[in-house]
Amino acid sequence: MYKIITGRPTDKREEKEERIYDFLDAIGVSYERVDHEALFTIEACQKVDEILGFEICKNLFLVNSNKSQFYLLLMMPNKNLSTKDLKVQINSSRLSFGTADLLLQTLNLTAGSVNVCSLLYDIDNKVKLLIDEDILKQEYFGFHPMLNTSTLKVNTHDFVDTIIPALKHEPTIVKIP
């Protein structure tokens, strides 16, 4: 059975997961954690959502048509993305989902593990952060710590005021109907 744990794990984790705990601890953000089997879809996350008491967002890795610009979109889980609408908001050419190779090259991630803290690996700021305005209206924000075998819960205020500035990626707020 899943349970909520405060703070970082006491057992050894993969280096990239440990880096996220080090990052959050260094910037003074407190968090709760639920460890679980690998979750690859937003539907699979629903049981963890119930335990944490909120819905974690969808994290989508997008690329423009000529693969010159990358985007990390955070959006509410109950919404469907219209890339036509989004491309107009962000003044982009046609958008599509980034390939597994591009995801690994730009954010050091595999499919199913896309998360906002992966921007730590984007030191050249090739990836633009897009946040659905409704995410900011939630009390909590959740994400995987680089691997989809744990989910972290932070206060949205800490996410906006501490985590995002520390990631050094100025977000663009978008409206996903």
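Just a few scattered comments:
- Note on the chain: with a GNM built from Cα contacts shorter than 10 Å, the maximum mean-square fluctuation among 147, 81, 72 falls on 81.
- Treating r as the C-beta distance of residue 67 and residue 149 and R0 as 30 Å, the FRET efficiency rounds to 0.50.
- The chain, helix-only ellipticity at 222 nm - DSSP H runs n ≥ 4, -39,500 (n - 2.57), divided by all residues, nearest 500: -5500 deg cm²/dmol
- When each of the peptides 42-49, 168-175 is scored by how many other beta carbons lie within 10 Å of its residues on average, the order from highest to lowest is 42-49, 168-175.
- HN-Hα J in Hz across the stretch 163-171 - Karplus 6.51, -1.76, 1.60, θ = phi - 60°, x for Gly and Pro: 5, 4, x, 5, 6, 6, 10, 5, x
- Exceeding the 27 Å Cα-Cα cut-off - candidates 3/58; 128/175; 16/153; 3/128: 3/128
- Once the Cα-Cα distance is subtracted from the 0.36 nm per residue extended length, the residue 50 to residue 125 segment shows a gain of 23.6 nm.
- Net charge contributed by nearby residues that have their C-beta within less than 12 Å of residue 88 (K/R +1, D/E -1): +3
- Annotation: amide H of residue 147 has no partner in the under-5 Å range at sequence separation 5 or more or interchain, hydrogens built in the peptide plane.
- Approximate spin-label separation residue 102-residue 139, in nm, with each point projected 7 Å along Cα-to-Cβ: 3.8
- Alpha-carbon centroids, the stretch 1-79 and the stretch 89-132: separation in whole Å: 14
- Amide H within-cut-off set for residue 174, under 5 Å, with H built and near neighbours excluded: 131, 132, 133
- Restricting attention to the stretch 5-174, close to 70% of DSSP beta bridges with both partner residues there are antiparallel.
- For a straight C-alpha distance cut-off of 19 angstrom, the lysines reachable from residue 126 (same-chain residues fewer than eight places away being disregarded) are 67, 87, 168.
- Cα gyration tensor, the chain - rounded (a/c under 1.5), prolate or oblate: prolate
Quick note: the coordinates plus some simple rules give every number you see, no bench work behind them. Since the model is a prediction, treat every value here as computed from it, not as a measurement. A quick note on method: Cβ atoms are made from the backbone with ideal geometry, for glycine too, and the neighbour counts reach across all protein chains shown.
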